[in-house]
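Remarks on the structure that follows.
The values are calculated or read from the model by the stated rules, or taken from the named source; none is laboratory data. Small disclaimer: the values here were computed from a predicted structure and weren't measured. Cβ atoms come from the backbone with ideal geometry, glycine included; neighbour counts cover every protein chain shown.
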Amino acid sequence: MDSKDKDHILSLKVMRLTRPSLFTGLSVGCDARDLPGDHLNAETRADIAVPPGLHNTGVGHLLLLPQSFGNIYLGETFSCCLCVHNDSNEIIRDVAIKAVLQMSNQRVPLLGDDEDEPLHQLQPSDTINEVIQHEVKDIGTHILVCAVSYQASSGEQQNFRKFFKFQVMKPLDVKTKFYNAECDEVYLEAGVQNITSGPLCLEKVELEPSPYFTVVSMNKISTDSNSLVFGGINTINTHDTRQYLYCLKPRPEARASPATLRHATAIGKLDIVWRTNMGDRGRLQTSQLQRMAPQYGDVRVTVERIPSVVQLERQFEVLLTITNICERSLDLHLAFLGGGGGSEWSGVSSQTVPTLSPGQYTSLTLSLLPLHTGLQTIAGVRLTDTFLKRTYDYENLAQVFITRDKVREKGEV
Amino acid sequence: MATNPFAQPLPSDSTNLVEDDGRSFFDQLSAQSEESEAVIQQHMSEALPVEAITSTQSLPFTTQPNPPHNELSMQPVSLPYNTHQPDPLMTQQPVHVSVTEDFSGTQEATMMSSMHNESSGDIEQPTLDVVPVLTTAPLQGSQTQNFEQDVDASNALSQQGKGATQFNIPLTPQYDSSATKDSIFNQTVSPETMNTLSSHGTGIPTQLTPVQSAMMMSMSTSMLVTNPSPNTNVDIEATTVKFQQASLDTCNERELQTVSHTSTAAKDTQLMPGSSPAGNTVSPTAPAQQKPLSSSAKPGSTQGSAQDSFKSKENESKFLKYFSNTKKTNPFESMTTQISGGGNDSAMINPVYMSPTDSFNISNAIPSPDSFLTPATEQDVFTASLLSSDADRRHDAWIPSESTRQALVAMTTSPPGTYFPEKELLTMPGIAVKEDFGDPVKNLVRTYLGEEAASKRKILTAASVTQDDRGLRQLIAAGCYHAAVNLTTQLLTVYGQGEGRAGHPSKHTAHSIQLWFTRIALLIKLRRFSLAEVECQYFGDLDAPDLYFEFYPELYGGRKGSMVPFGFRLLVAELPQHLGKHTQALDRITALLRTCDQIIKNLGVGLSEDGSSLEMTSNMRDDSLKLWRTRRQRVLYSVTNCAVSLKDFRLAGSLLERLIQEDPNAVAGLYSALGRMCLQLGDVTAAQDMFNQHLEHSPPPPQHDPVQGLLHSAYISIAQNAFKDASEILQQAHKINSNNGLVINNLAVCLMYTGRVSEAIKLMEGAIISQPERFLHEALVLNLATMYELESSNAHQKKLKLLSSIAQHKGDSFNVAALKLQPQ
């Protein structure tokens, strides 16, 4: 190696212990009637790297020590083996090994930090092995500093250091979308993208909700089964994204005060555990996810009841609730703008809603005549605040499926 | 690719620095480089020894002012460490060390990174997953102001609170103390590291500290706008880019080599017409060089015409020329002696294809499974067609492409000698290497141990065996694949398909195709994939008309089907996978699968394999169906292999599940493979399920081998990072069967991970000394060499000992790269 090392009678070697891989042998088969006869097959059978009684599946079973440093990602565990070897013919006393991981803004002692640690004594061509582990919590350049001190035969205290640099990269990219449903539920769609260089297995992606909410994970085929909706083999290839969906319901105590709930923007944290080659594990947690507070204005309209499937040209009814959520009384005027989508409102086109005091609500039953088949959006309700002359248009109240076929009764939400 | 798992240490002068300060080495973290590139920029460096800064070239990014978040991060986070060990220099100063030697560092890598440092000022700010609409999720506490602005902005965009907004979420590592107390993690901590880890654990704050916030900031994009990105960020990204380039470069180089290889081969073929020896104007119907095969196959023939024997004499002399370096025998004589003598391997391989047709008797008419070539002369087309047995038809059946089919129809319907297919329809293979292969083991021994040691190595070479199939088999059995390839070179030269003959028409026989198959198989075994690819390309998709028996009515009479053995097709289909062209491999393998399916379908509806109508007894049909179902299974295994190598675990998993349905004899083994595949992709739970399935499908206790189950538990322990448990489990297995190479190897690897390197080495060495033939395996040697490198400074000497053991016990096909000897 380099000349500097030769001055010391101890040598230090460091190897990163990534997980071992499985060695895959090459097997070539042929028929007994072919020219090489059984010799090639016999060689494959005798090969301890090929699982017996099976054609080569490409999945080996022989563990192979890592042959390169590989990549290391945030949240994974960095592990390496330090070896100090006595190259001389003398017994070396007072051998101490220290290892420190240096990052851009902190340092973590990994080995030999205790002052009262016993010092080693090394026989000729003997070796001290130390395995160190560290969970990587910082991105960017890391430098492993290893220092060895010992007492030379002359009684002189000697020491030397070595530096090993590596980069820690980000393994995952998380993007979220929030949907604030009218019924105070919040839906969170989290896209977890694998930005490592190989496939990985997301072992756990859980939402830890903030105190205002309870969470229902919607990523399993059914609530009581363990199988995910993502298919049998739980793996994400490089650059692939997987969408997780969560439904957050306000806790009863939070629901009691709509104002608090409206300002509850903290949703929770995503806790992600993944594994890669031979179960190498990593874990990360996102910061608190924030949604935007839903904007209702002064009045809020929710659909209380609507059939999900209706028959063409057969009138159906929609039950609306109009709530005053501001601090003053509201005088509202209801008008139809045309049914939007595939249906027309049927009924008095302009009517006055009874005065609503703050927090009060009223329910209205409105009729619609479906005119076009398909999945249609119910729209075209306009409320006018007669005092402020402010109008509220509702262009996406609900959706209904209009069909030509006869609809069985009670197909309601 | 030459990779080194070992951390290449920094060539540092730092030891000098340490001497003048005995207090702690770590007080002055510094780095030097030999070529005095910029090394460290330390801000607020008054307290630092001046000599630690040896920067001569300040890089643009290191001289930037400290990003604010660094200051922010300092107070709380330094606390645990400060109380732990007061060290004001290290905790308060972000130290940007720009040049140290990289872990992955081969020499080139180091050069790369230093080059990058010079140019990194020009490297663009990396685009960090920015989507225009995105806002940043707020950071804990400190950044609320910014966040509110963001929210306002997004509110303006939203409608009625229903607008879906995308957030880009910074990730932080798990910080609650339960993370370190996690059962899995705890289990795994080896006693040596326990102290450090637990002391470390107590120092971990349970809340997100500003350091992490700072880190999150550095990762969140919109923050980059308001705060200058930390210097390290630029560094990381740039370095990443650099490494990608480096790997690309090596790729390109490889690619280039292959290309140049191909182009030289092509050049050769262009050059050849001028320089080709006389007498090679081969017409497809009557090639001078192919004739001897059919004629010389009949020594002792009573019916042989005078003309024939004359010709064969003439050609014998030609043969002697080729084989002048061996004992002067006609290669085919040894063949006949083998037939009469019944050589060692003739029990398995009965070269009926070489037996004279005129000595036809009833015993020969019994379909021999080995009769892949049944030569016939024009005289006995009839007998030959009788000979073209059921087994032949079954094995040789193939469905030609439309153009090939037309050519074959034209061939059989036109009078002999009148139809000449287009040249494009012919395969014109040739050997693409000029030199014979040497013995790499011997060469290494010569280099490292001297001529004397090299002369002691005694192995078979192409010259020391008979120059025929038997010799070839002998070389293969002895593990001398290089020599065997050399022998195929000689034998193919006889067929006019030797070096430089690519692109020249030559006539195939079933035997020459078998030679090619053997050659390519051996090249692949020797991992000479590019050469195999070059030589295979002349065969195309193995569907040219001249690869069918019908193409040579004068030679094979009425025999039908393809001369290409099925194994050859698989080999050629799989080959691109070894060169990283997985898609091409998958395409080819899928095409094979399609043909197999079609053949099975044809047989199912009462047709012959290739879809023509043929009277077949139900036995014949069943035999054929059985054969083709087995072949289809082989193809499925091939696809699986390719999918695993591509790391397409979804595909591989679904194929393995399909094989579990289709190959009932291998169910247990397949579950085991599926389990190991799940571990490879990281799904430990699924792996455990599969291993349980394996147990269910294994035979009950008396016949049951407990070792397999222990191996499985050990894999699971490894996945849980519990190497200590894994090694204990494998010790148990080793006690049950101390002769299992797999257990020994896996145990040794686990011992390595628990820091017991010397024990691991002792175990491996013991196994290799006790049974060198069996345990001198490429993978075991690679592991042992890696252990040597880590354990001691005289790894080289120990590897040379291994080398001499290999020289003593192994043939020339041993992959000596496993020794990782440093070039001298």
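The strands (runs of 3 or more DSSP E) located wholly in segment A:306-371 that include 3 or more residues which are closer than 17 Å to A:Gln399 by Cβ occupy A:309-311, A:316-324, A:343-346, A:361-370. On inspection, A:Val309 fails the criterion of being within 14 Å of another protein chain (Cβ to nearest Cβ) and under 39 Å from the mean Cα position of the chain (by Cα).
This table checks each residue for (1) in contact with a Lys or Arg (Cβ under 9 Å, 6 or more places away or on another chain); (2) within 8 Å of chain A (Cβ to nearest Cβ); (3) not aromatic (Phe, Trp, Tyr).
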| residue | (1), (2), (3) |
| --- | --- |
| B:Ile600 | yes, no, yes |
| B:Tyr671 | no, no, no |
| B:Asn692 | no, no, yes |
| B:Gln703 | no, no, yes |
| B:Gly709 | no, no, yes |
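Checked against (1) surrounded by 23 or more Cβ atoms within 10 Å (Cβ to Cβ); (2) modelled with pLDDT of 90 or more, A:Asp173 meets all criteria but (1). Number of residues in segment A:171-199 that are in contact with an Asp or Glu (Cβ under 9 Å, 6 or more places away or on another chain) and of a type in the set (Phe, Trp, Tyr) equals 2.
Counting only residues that are surrounded by fewer than 20 Cβ atoms within 10 Å (Cβ to Cβ), facing chain A (nearest Cβ under 8 Å) and not small (Gly, Ala, Ser), segment B:741-777 holds 1 of them.
In the set (1) away from chain B (no Cβ under 14 Å); (2) basic (Lys, Arg); (3) assigned to a strand (DSSP E or B), A:Arg300 fails one condition alone, (1). Within segment B:634-663, the set of residues being more than 25 Å from A:Val28 (Cβ to Cβ) and more than 7 Å from chain A (Cβ to nearest Cβ) comprises B:Ser654, B:Glu657, B:Gln661. Scanning segment B:578-609 for residues that are crowded, with 17+ Cβ neighbours inside 10 Å, more than 16 Å from B:Gln633 (Cβ to Cβ) and among the hydroxyl-bearing types (Ser, Thr, Tyr) yields a single hit, B:Ser608.
One residue alone among A:Val136, A:Val205 is touching a residue at least 60 places away in the same chain (Cβ under 8 Å), of a type in the set (Val, Ile, Thr), more than 30 Å from A:Thr323 (Cα to Cα) and within 8 Å of chain B (Cβ to nearest Cβ), and that residue is A:Val136.
What about B:Asn721, is it assigned to a loop (DSSP other than H, G, I, E, B) and either facing another protein chain (nearest Cβ under 10 Å) or of a type in the set (A, V, I, L, M) (or both)? Quick ask: steps written out before the conclusion?
Values: assigned to a loop (DSSP other than H, G, I, E, B): yes; either facing another protein chain (nearest Cβ under 10 Å) or of a type in the set (A, V, I, L, M) (or both): yes.
Considered against the rule, which asks whether it is assigned to a loop (DSSP other than H, G, I, E, B) and either facing another protein chain (nearest Cβ under 10 Å) or of a type in the set (A, V, I, L, M) (or both), B:Asn721 comes out as yes.
Report, by residue number, each residue of segment B:674-707 that is farther than 18 Å from A:Gly53 by Cβ and assigned to a helix (DSSP H, G or I). Selection gives B:Cys678, B:Leu679, B:Gln680, B:Leu681, B:Val684, B:Thr685, B:Ala686, B:Ala687, B:Gln688, B:Asp689, B:Asn692. In the condition set (1) surrounded by fewer than 21 Cβ atoms within 10 Å (Cβ to Cβ); (2) assigned to a strand (DSSP E or B); (3) within 7 Å of chain B (Cβ to nearest Cβ), A:Phe78 is compliant with all but (3). Evaluation of A:Thr352 against the conditions (1) in contact with a His (Cβ under 7 Å, 6 or more places away or on another chain); (2) in contact (Cβ under 8 Å) with a residue 40 or more places away in the chain; (3) of a type in the set (S, T, N, Q) shows that the sole unmet condition is (2).
Is at least one residue of segment A:57-73 under 30 Å from A:Gln158 (Cβ atoms) and either more than 8 Å from chain B (Cβ to nearest Cβ) or crowded, with 18+ Cβ neighbours inside 10 Å (or both)? Yes, some residue in segment A:57-73 is under 30 Å from A:Gln158 (Cβ atoms) and either more than 8 Å from chain B (Cβ to nearest Cβ) or crowded, with 18+ Cβ neighbours inside 10 Å (or both). Answer yes if at least one residue in segment B:739-756 is over 18 Å from B:His712 (Cα atoms), hydroxyl-bearing (Ser, Thr, Tyr) and not in a helix (DSSP H, G or I), and no otherwise. Within segment B:739-756 (the criterion being over 18 Å from B:His712 (Cα atoms), hydroxyl-bearing (Ser, Thr, Tyr) and not in a helix (DSSP H, G or I)), the answer is yes, since at least one residue qualifies.
Checked against the criterion of being under 17 Å from the mean Cα position of the chain (by Cα), over 30 Å from B:His712 (Cα atoms) and more than 10 Å from chain B (Cβ to nearest Cβ), segment A:223-239 has at least one qualifying residue.
When segment A:400-413 is filtered for residues that are at pLDDT 85 or above and either within 25 Å of A:Ala181 (Cβ to Cβ) or not hydroxyl-bearing (Ser, Thr, Tyr) (or both), the ones remaining, listed by number, are A:Val400, A:Phe401, A:Ile402, A:Arg404.
In segment B:631-648 there is no residue matching the filter, namely being of a type in the set (S, T, N, Q) and in contact with a Phe, Trp or Tyr (Cβ under 8 Å, 6 or more places away or on another chain). Got at least one residue in segment A:100-118 being more than 7 Å from every other protein chain (Cβ to nearest Cβ) and closer than 21 Å to B:Ser792 by Cα? Scanning segment A:100-118 turns up no residue that is more than 7 Å from every other protein chain (Cβ to nearest Cβ) and closer than 21 Å to B:Ser792 by Cα. Considered as a group, the residues in segment A:20-41 that are more than 7 Å from chain B (Cβ to nearest Cβ) and either part of a helix (DSSP H, G or I) or under 30 Å from A:Cys80 (Cβ atoms) (or both) include one that is modelled with the highest pLDDT, and that residue is A:Ser21. Looking only at residues of segment A:149-165 that are in contact (Cβ under 8 Å) with a residue 40 or more places away in the chain and at the interface with another protein chain (Cβ under 7 Å from one of its Cβ atoms), we find that the one that is farthest from A:Gly112 (Cα to Cα) is A:Phe164.
Out of B:Phe529, B:Phe539, which single residue is touching a His at 6+ places or on another chain (Cβ under 6 Å) and either surrounded by fewer than 24 Cβ atoms within 10 Å (Cβ to Cβ) or closer than 26 Å to B:Ala477 by Cβ (or both)? Give the steps one after another, and end with the answer.
Numbers: B:Phe539 fails: touching a His at 6+ places or on another chain (Cβ under 6 Å).
One residue alone meets the criteria, B:Phe529.
Among the candidates A:Tyr394, A:Tyr361, which residue alone is within 14 Å of another protein chain (Cβ to nearest Cβ) and either in contact with a strand residue (DSSP E or B) (Cβ under 7 Å, 6 or more places away or on another chain) or closer than 16 Å to A:Asn324 by Cβ (or both)?
Step by step, each of A:Tyr394, A:Tyr361 is checked, and only A:Tyr394 is within 14 Å of another protein chain (Cβ to nearest Cβ) and either in contact with a strand residue (DSSP E or B) (Cβ under 7 Å, 6 or more places away or on another chain) or closer than 16 Å to A:Asn324 by Cβ (or both).
Of all the residues that make up segment A:176-202, how many are more than 7 Å from chain B (Cβ to nearest Cβ) and either surrounded by 23 or more Cβ atoms within 10 Å (Cβ to Cβ) or touching a residue at least 12 places away in the same chain (Cβ under 8 Å) (or both)? Total satisfying the criteria: 17.
Taking the options B:Leu487, B:Leu449, name whichever one is in contact with a helix residue (DSSP H, G or I) (Cβ under 8 Å, 6 or more places away or on another chain), free of Cβ contacts under 8 Å to residues at least 60 places away in the same chain and closer than 19 Å to B:Phe814 by Cβ. Walk me through it before giving the result.
Values: B:Leu449 fails: free of Cβ contacts under 8 Å to residues at least 60 places away in the same chain.
Just one listed residue meets the conditions, B:Leu487.
Does segment B:506-521 include one or more residues that are aliphatic (A, V, I, L, M), under 18 Å from the mean Cα position of the chain (by Cα), within 14 Å of another protein chain (Cβ to nearest Cβ) and in a helix (DSSP H, G or I)? Yes, segment B:506-521 contains a residue that is aliphatic (A, V, I, L, M), under 18 Å from the mean Cα position of the chain (by Cα), within 14 Å of another protein chain (Cβ to nearest Cβ) and in a helix (DSSP H, G or I).
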